[in-house]
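S.K.: Can you read through this structure? Questions will come right after.
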Amino acid sequence: MRVLIVDDEALARSYLEGALADIPNVKVVGAAEDVATALVLVRRERPDLILLDVQLRRESGFDLLAQLPPDDLPAVVFVTAYAEHAIRAFDLHAVDYLLKPFDGARLRVALDRAGARLRGGPEERDRLLGLLEALRAAPRYPDRLLITEGGRIFFVAVASIEAIEAQHNHVVLHAGAKTHLLRSSLTALESRLDPWRFVRIHRSTIVSIDHIVEMQPWFQSDLVVIMRGGRQFRVGRRYRDVWDRWKGREAE
């Protein structure tokens with residue numbers, strides 16, 4: 001399988017090239033950071049599959065699809081940081097995707113699926129372009145937060161954050177065994193996060209539903225959530241719907 005990588009982040013391109021190098025019968029025929037370069041590589045290398053970032057720096061991955069010939073369209077697997085409710089649009093349109101961050105095992109699954117759909121033709125193109133309108137209306141949430149701490153500037157992956165607590169004019173991010181201080185109000189940060197993944201459980205606490213492992217009753221009919229990292233947080237009475245949200249996710 002001949003694979004073309006289209007992603008505007010150099011680290012993402014490098015990661016994919018390294019991961020694909022370990023998979024038998026897969027050859028990376030090129031890597032592009034923008035639509036113009038990708039078009040040149042598609043016409044020259046004729047890839048069987050494109051690993052395509054949805055949101056490029058100045059363009060969209062759909063700008064590339066719109067310029068490819070419908071009768072000779074390679075299979076496409078989207079690489080995306082879109083939120084969970086937008087991912088449902090991918091499922092609805094039967095389009096494969098890799099949700100950042102992903103590992104080698106998930107990449108292999110996507111390649112196996114793509115192998116059965118090589119050269120999908122006009123129907124494949126219509127399915128891909130039919131997704132565009134659904135995604136245009138979907139808000140996009142950050143997959144990392146910029147932290148300034150002790151003279152250092154670095155990013156924290158949103159997926160690693162299990163809880164956020166208010167602390168005066170800042171919030172404390174609990175990510176694994178580490179904590180980070182971010183200058184923001186809890187309400188302002190909450191508005192930037194995917195509501196399918198993060199839920200307010202107290203006026204001073206937000207938790208990641210993905211990191212909840214257990215809920216236990218507490219005094220006077222209160223609840224306590226227990227996180228994957230072992231931290232515990234009390235659920236305020238105004239926020240008891242977190243139980244229904246968590247149970248709904250577990251049932252999916």
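S.K.: Taking R200, is it within 24 Å of the chain's Cα centre (by Cα), at pLDDT 80 or above and more than 21 Å from G176 (Cβ to Cβ)? It would help to see each step written out before you state the result.
M.R.: Numbers: within 24 Å of the chain's Cα centre (by Cα): yes; at pLDDT 80 or above: yes; more than 21 Å from G176 (Cβ to Cβ): yes.
For R200, the condition - within 24 Å of the chain's Cα centre (by Cα), at pLDDT 80 or above and more than 21 Å from G176 (Cβ to Cβ) - is met.
S.K.: May I ask you to list pairs of residues, at least six apart or on different chains, whose Cβ atoms are under 6 Å apart, with the first in the range 7-23 being assigned by TED's automatic domain parsing to the domain that holds T37 and the second being exposed (fewer than 14 other Cβ atoms within 10 Å of the Cβ) and not in a helix (DSSP H, G or I)?
M.R.: D8/R57
S.K.: Going by what's in this entry, would I212 be described as in contact (Cβ under 8 Å) with a residue 40 or more places away in the chain and of a type outside the set (K, R)?
M.R.: Against the criterion (in contact (Cβ under 8 Å) with a residue 40 or more places away in the chain and of a type outside the set (K, R)), I212 does not qualify.
S.K.: Continuing with this model, one more query. Looking at the range 203-211, can you tell me whether even one residue there is part of a helix (DSSP H, G or I), in contact with an Asp or Glu (Cβ under 9 Å, 6 or more places away or on another chain), under 15 Å from I164 (Cα atoms) and modelled with pLDDT of 90 or more?
M.R.: yes
S.K.: Continuing with the same structure: Among the residues in the range 28-37, are any assigned to a helix (DSSP H, G or I), in contact with a helix residue (DSSP H, G or I) (Cβ under 6 Å, 6 or more places away or on another chain) and surrounded by 18 or more Cβ atoms within 10 Å (Cβ to Cβ)?
M.R.: Among the residues of the range 28-37, at least one is assigned to a helix (DSSP H, G or I), in contact with a helix residue (DSSP H, G or I) (Cβ under 6 Å, 6 or more places away or on another chain) and surrounded by 18 or more Cβ atoms within 10 Å (Cβ to Cβ), which makes the answer yes.
S.K.: Within the range 214-228, can one find any residue that is at pLDDT 85 or above and under 24 Å from Y141 (Cα atoms)?
M.R.: yes
S.K.: Also, quick follow-up: Can you tell me which residue is farthest from H202 (Cα to Cα) among those in the range 155-187 that are surrounded by 18 or more Cβ atoms within 10 Å (Cβ to Cβ) and of a type in the set (V, I, T)?
M.R.: Here the residue is V156.
The values are calculated or read from the model by the stated rules, or taken from the named source; none is laboratory data. On a predicted model such as this, the values are computed, not experimentally measured, just so you know. FYI the Cβ positions are ideal-geometry reconstructions off the backbone, even for glycines, and counts take in every protein chain you see.
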